[in-house]
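Engineer: The structure follows.
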Amino acid sequence: MNDTPETRVRLERWSADDLPLLRRINAPEMTDHLGGPETEEQLLVRHRRYQEIDGSRGRMYRVVLLPGSEVAGSIGFWEQTWQGEKVYETGWAVLPEFQGRGVAAAAARALVEQVAAEGDRRSLHAFPSVDHPASNAVCRKAGFRCAGEVDFEYPKGHPIKSNDWVIDLGPDTGDTA
């Protein structure tokens with residue numbers, strides 16, 4: 001199914017109850033472009049971090065598909081310094097049974113609205129691998145502009161060739177260095 005205007009999602013703040021979702025997202029087929037699955041210890045650290053991050057520093061959400069309220073994945077944003085500028089970075093994961101239905105693009109659009117309203121940075125970036133057509137398509141469908149190919153590290157110490165997708169959030173009210 002293509003991304004349609006009927007694809008509706010609600011973003012709900014990440015909670016302690018979302019550890020099973022994080023475990024599902026950690027599957028090999030879900031982390032192929034992210035360096036592979038994390039250990040249980042790494043996953044628990046990530047889960048705590050997701051619960052603690054809040055406000056203008058960033059936030060993580062579970063993605064809920066409407067109208068049925070099925071949990072379809074996760075999305076979030078966090079602070080990043082990119083090319084000397086303080087920006088936000090985003091990333092998402094949609095469970096296999098919900099992929100190809102426009103869920104990720106709808107969640108990304110909802111996230112952009114949320115970050116523009118509450119954040120204090122001028123831009124939001126996504127860095128999908130150039131070899132990941134689905135994530136690059138999400139960026140395009142969500143209204144991001146491709147600023148070109150860049151060298152990126154994800155996870156830390158693992159260099160990849162990525163596309164730098166960016167969307168303007170409005171006036172910069174944060175620091176520039």
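Engineer: Per residue of the chain, what 222 nm ellipticity follows from adding -39500 (n - 2.57) for every DSSP H run with n ≥ 4, rounded to the nearest 500? Kindly include the intermediate steps, with their values, before the conclusion.
Structural biologist: Working: 4 runs with 45 residues, N = 177.
Estimated from H runs of four or more residues: -7500 deg cm²/dmol.
Engineer: Still on this structure, I have one more. Quick check: Cα centre of the stretch 62-105 to Cα centre of the stretch 9-41, how many Å?
Structural biologist: 11
Engineer: Moving on. With r as the distance between the Cβ atoms of Ala117 and Gln83 and R0 = 30 Å, compute the FRET efficiency 1/(1 + (r/R0)^6) and round to 0.05.
Structural biologist: 0.75
Engineer: Pick out which of Gly58, Gly143, Gly35 has the largest mean-square fluctuation in a Gaussian network model of the chain, springs linking Cα atoms closer than 10 Å.
Structural biologist: Gly35
Engineer: Quick one: among Gly68, Gly76, Gly102, which has the greatest mean-square fluctuation in a GNM of the chain with alpha-carbon springs under 10 angstrom?
Structural biologist: Checking each option, the largest mean-square fluctuation is seen for Gly68.
Engineer: Mean-square fluctuation check for the chain, GNM, Cα pairs under 10 Å: which of Tyr154, Tyr50, Tyr61 is largest?
Structural biologist: Judging by the Gaussian network model, the answer is Tyr154.
Engineer: Let me ask something else about it. Please label the shape of the chain as rounded, prolate or oblate, based on the square roots a ≥ b ≥ c of the eigenvalues of the alpha-carbon gyration tensor (a/c under 1.5 means rounded; beyond that, a/b larger than b/c means prolate, else oblate).
Structural biologist: rounded
Engineer: Around Trp14, with a cut-off of 11 angstrom between Cβ atoms, what is the net charge of the other residues, counting Lys and Arg +1 and Asp and Glu -1?
Structural biologist: +1
Here, each number is a calculation from the coordinates, and none is a lab measurement. Predicted, not measured: the structure shown is a model, and the values here were computed from it. Here the Cβ is made from the backbone with ideal geometry for all residues, glycine too, and neighbour counts use every protein chain on show.
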